[in-house]
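Data block below; observations after.
Since every read-out is calculated from the coordinates, none of them should be taken as a lab result. These numbers come from a predicted model, not from an experiment. Glycine also receives a Cβ, built like all others from the backbone with ideal geometry; neighbour counts cover every protein chain displayed.
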Ligand code: SAH
């Protein structure tokens, strides 16, 4: 196990194994998670301990490329991992601070037809440090504090459950970044069994369900996960999650022209979400090569929103931050040929 994703009590066991006193574990944790560093040789630990730690698995995540929007301050980022796999993310500036969108897997195995991240399947899960290191490398490089985290990059977070959970505990830890769970959002295509499991962790993290369709026959065709877990089951799991954690659910709905953007879809969406504490986020489709559908025109998008609002739903249309560099999920990584 990578030692820059061990909890303090686990580090304590490690340093004791090496014949050092337990307090060293806090020093090491501080170096990794407060100073955001992993160059152990430059720490002020005893020389012999440094040597021992250096022989352990210490992961790194480096920023490989950045793409800057010319219309706002959004950056798209490519990171490189120790095994040369590449992942992507984006950094957005809001009034309240910086928000970073993280990947949780290299590739994805969920197979949603409109999503670029899944086209080459799942390569592997990210380790806890590889998720965390995206935050640290951005904070170090740009000398900023990330105040919000959204797990909406490549991968299905709940398909990498154990690593996700460790990441969450590390980033929340008082001795580390100390990020509030309330400032974290996890987006899922709806792994119902994992939503129930996650509900029992009772962390006040916002869950975002990628719904994208109001009819099972149609959702089956664009999101294969629907063959296993139906819309009703996914919504029920989210309701349970929301009650257990006291959080408001987000529903993501990607608008695809002629597929799910009709007034009947808006009405059905209202029915499906009845009685839920929910916020609807409409995402105009970013067309990809393998999925030739288009986003609806602006007027249709607004009238879809109005329909939902007229029934009392809370709705936003995803702000098109960095629209000029807005390669949709996974497209940057796939198009990167090195350089
Ligand atoms: N696996 C997670 C995170 C995926 S990415 C999930 O399914 O929620 C975050 C959101 O972007 C999801 O709602 C996803 O369905 C959506 N998305 C993916 N590709 C898209 C595209 N080409 N256009 C618009 N939204 C897309």
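Points worth noting:
- Between residue 268 and residue 96, the C-beta separation translates, for a Förster distance of 35 Å, into a calculated FRET efficiency of about 0.55.
- Inter-label distance for residue 51 and residue 180, nm, one decimal - labels placed 7 Å from Cα along Cα-to-Cβ: 4.7
- Residue ranges 241-248, 134-141 sort as 134-141, 241-248 when ordered by packing (mean number of other C-beta atoms within 10 Å per residue, highest first).
- Angstrom value of the Kirkwood radius, inverse mean 1/r, which spans all Cα pairs in the stretch 143-204: 12.4
- Exposure proxy for 78, 255: other Cβ atoms within 10 Å of each Cβ, ordered fewest to most, give 78, 255.
- The stretch 61-325: antiparallel DSSP beta bridges as a percent of all, rounded to 5: 45
- Arranged from fewest to most other beta-carbon atoms within 10 Å of their beta carbon, 235, 71 become 71, 235.
- Prolate/oblate/rounded call for the stretch 3-54, Cα gyration tensor, a/c under 1.5 rounded: oblate
- Multiplying the residue separation of residue 10 and residue 227 by 0.36 nm and removing their Cα-Cα distance gives an extension gain of 74.1 nm.
- Long-range tail of P(r) for the stretch 26-151 (Cα pairs > 23 Å, %): 40
- Residue order, fewest to most surrounding Cβ atoms within 10 angstrom, among 212, 172: 172, 212
- 0 to 90° range, to nearest 10: angle between helix 161-172 axis and the chain longest Cα axis: 70
- Cβ crowding within 10 Å averaged over residues, with 293-304, 178-189 ranked highest first: 178-189, 293-304
- Compared with the dominant principal axis of the Cα atoms in the chain, helix 263-272 is inclined by about 60°.
- Angle of helix 23-33 to the longest C-alpha principal axis of the chain, folded into 0 to 90 degrees and rounded to 10: 40°.
- Mean projected area (nm²) of the alpha-carbon convex hull when the chain is viewed from all directions: 17.6
- Available extension along the chain between residue 35 and residue 316 is 97.5 nm, counting 0.36 nm per residue and deducting the alpha carbon span.
- Spherically averaged projected area of the convex hull of Cα atoms, the stretch 153-263: 7.5 nm².
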